[in-house]
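Worksheet: the structure to be examined is printed underneath.
The values are calculated or read from the model by the stated rules, or taken from the named source; none is laboratory data. Since the structure is predicted, the reported quantities are computational estimates derived from the model, not experimental observations. Counting neighbours? That spans all protein chains shown, and the Cβs are built from the backbone with ideal geometry, glycine included.
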Amino acid sequence: MHYHLDPLGGIAGDMFAAAMLDCHPGWQPELADAIRDSRLSPALFVEAIAHNDGVLAGHRFAVHEPEWEHQGHSHQHHQWRDIRALLQNSGLAAAVKERAIAIFERLAEAEAAVHGNAVDEVAFHEVGAWDSIADIVSAAWLVERSAASGWSCSPIPLGRGRIDTAHGKLPVPAPATTVLLQGYPVFDDGVPGERVTPTGAAILRHLDPQFGPRTDPTVLRGHGYGFGTKQFAEFSNVLRVSVFDAPAVAAHETVVVCQFEVDDQTAEDLAVAIEHLRAAEGVIDVIQSPVYGKKGRLCTHLQVLARVSSVDAVIDRCLIETTTLGVRWHTVHRTTLVRDEQPHALGEGTVRVKRAVRPGGTLTRKAEMADLANSQGGHRARERRRREATDRDEQTETGDTESSK
């Protein structure tokens, strides 16, 4: 299933959890049990409460904190390293634990960038209490439970004004939120107030959603409304989640193409730069080709394919790694086959095999050449690749084709 977010009021951790549980009410007991059995804290309980603001009906997300929180004790885990240890030692499922830590890591990196601290030394003031920890853990559980094939999101409202924080009054969106939203399409609808919280922005960054209109035909399967705590006179303060059938074969997305030429960098140095570009966050691929530039000079044309959310960082990396003085870039649409990668024992080692379903339902497989590097000579590598494809094709009629879609 594909999940799409419409942040009409905005997005926060509790709004995301409420919207997902409004869409999937049967998941609430499962989530409550997971939180209760997590050993995060005794008496920590979460639930979705039906809510109607007179315009829309949905749910709000409530966190019932341990009793000692209400008695004025200060057992909150403010420091990132303390929260990380708490999550690592919890009884959460491994996949949920990894997602929760990844979301908090995004927050910690943003806070460190804003305040100039080391990541491990970051203190969470606004998101260090149990309600925020429970919001993020619940979001991680819901994302994992959804088994979504992909996420997308409508443009995000920025909000206006100032908010009170542990650092005094700060502009909206909060500094950490601003870092987390970089590269995402945003707009100002003129309505004051905080519309995206740091927690909501960190969850968005973890989901890595696509932006832009959905043009591929699909079927709407469900929806849910998650209410925030604030009220706006102009509209309902909700986050809507919609669930669609996932594309059976192909996925459509918008990406960025960055292009430039280099004529004054040695081939040896440029080869290293290209490897650094390929390894940069947000980069999908790098292609190089020879071209003729000014005065008949032989140049290298570079084309970098990147995620929309990372365009600024990727452009900076191009300008740092190469001697070019400028980068041209534009957005394009691309369609990719749905694929997966599975390890298979073959001969003397393990080989990763990429599987893809092509239009018409044909399943194709290709062994990863890097895993065949120990084969002696190109002939043997090609033979191993052929044997892998043949061996796996024999399993197609046993249900393998269906599982790969």
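Hey, among the residues in region 182-210 that are more than 30 Å from Asn52 (Cβ to Cβ) and touching a Pro at 6+ places or on another chain (Cβ under 9 Å), which one's surrounded by the most Cβ atoms within 10 Å (Cβ to Cβ)?
For region 182-210, the residue satisfying everything is Tyr184.
Here is a check on your reading of the model: is Val257 among the hydrophobic types (A, V, I, L, M, F, W, C), outside the structural domain of Val179 (by TED's automatic domain parsing), touching a helix residue (DSSP H, G or I) at 6+ places or on another chain (Cβ under 9 Å) and modelled with pLDDT of 95 or more? Walk me through it before giving the result.
Details: among the hydrophobic types (A, V, I, L, M, F, W, C): yes; outside the structural domain of Val179 (by TED's automatic domain parsing): yes; touching a helix residue (DSSP H, G or I) at 6+ places or on another chain (Cβ under 9 Å): no; modelled with pLDDT of 95 or more: yes.
Judged against the criteria, Val257 is not a match.
Can you pull out every residue in region 15-29 that is closer than 30 Å to Val191 by Cβ and either buried (at least 23 other Cβ atoms within 10 Å of the Cβ) or among the aromatic types (Phe, Trp, Tyr) (or both)?
Passing the criteria: Met15, Phe16, Ala17, Ala18, Ala19, Met20, Leu21, Asp22, Cys23.
Every residue in region 58-88 that is outside any helix (DSSP H, G or I), within 26 Å of Leu21 (Cβ to Cβ), of a type outside the set (A, V, I, L, M, F, W, C) and modelled with pLDDT under 90, please.
If the condition is that a residue be outside any helix (DSSP H, G or I), within 26 Å of Leu21 (Cβ to Cβ), of a type outside the set (A, V, I, L, M, F, W, C) and modelled with pLDDT under 90, then His64, Glu65, Pro66, Gln76, His77 are the ones that fit.
Mind listing just one residue for me: the one in region 362-376 that is loosely packed, with under 12 Cβ neighbours inside 10 Å and not hydroxyl-bearing (Ser, Thr, Tyr) and, of those, modelled with the lowest pLDDT? Please lay out each step first, then the result.
Applying the first criterion (loosely packed, with under 12 Cβ neighbours inside 10 Å) to region 362-376 yields 362, 370, 373-374, 376.
Of the ones still in play, those that are also not hydroxyl-bearing (Ser, Thr, Tyr) are 370, 373-374, 376.
Working: Ala370: 72, Ala373: 65, Asn374: 61, Gln376: 52.
Top of the filtered list is Gln376.
Does Ala12 qualify as being crowded, with 16+ Cβ neighbours inside 10 Å, free of Cβ contacts under 8 Å to residues at least 40 places away in the same chain and over 18 Å from Ala147 (Cα atoms)?
Numbers: crowded, with 16+ Cβ neighbours inside 10 Å: yes; free of Cβ contacts under 8 Å to residues at least 40 places away in the same chain: no; over 18 Å from Ala147 (Cα atoms): yes.
So Ala12 fails the test.
Closer than 22 Å to Ile287 by Cα, at pLDDT 85 or above, loosely packed, with under 13 Cβ neighbours inside 10 Å and of a type in the set (S, T, N, Q), is that true of Thr324?
No: the conditions fail for Thr324.
Could you grab me the full set of residues in region 30-47 that are modelled with pLDDT of 85 or more, part of a loop (DSSP other than H, G, I, E, B) and surrounded by 15 or more Cβ atoms within 10 Å (Cβ to Cβ)?
Ser38 - this is the single residue of region 30-47 that is modelled with pLDDT of 85 or more, part of a loop (DSSP other than H, G, I, E, B) and surrounded by 15 or more Cβ atoms within 10 Å (Cβ to Cβ).
Can you name the strands (runs of 3 or more DSSP E) wholly within region 95-191 that have at least 3 residues being modelled with pLDDT under 90 and not acidic (Asp, Glu)?
In region 95-191, 162-165, 168-171 are the strands (runs of 3 or more DSSP E) which contain 3 or more residues that are modelled with pLDDT under 90 and not acidic (Asp, Glu).
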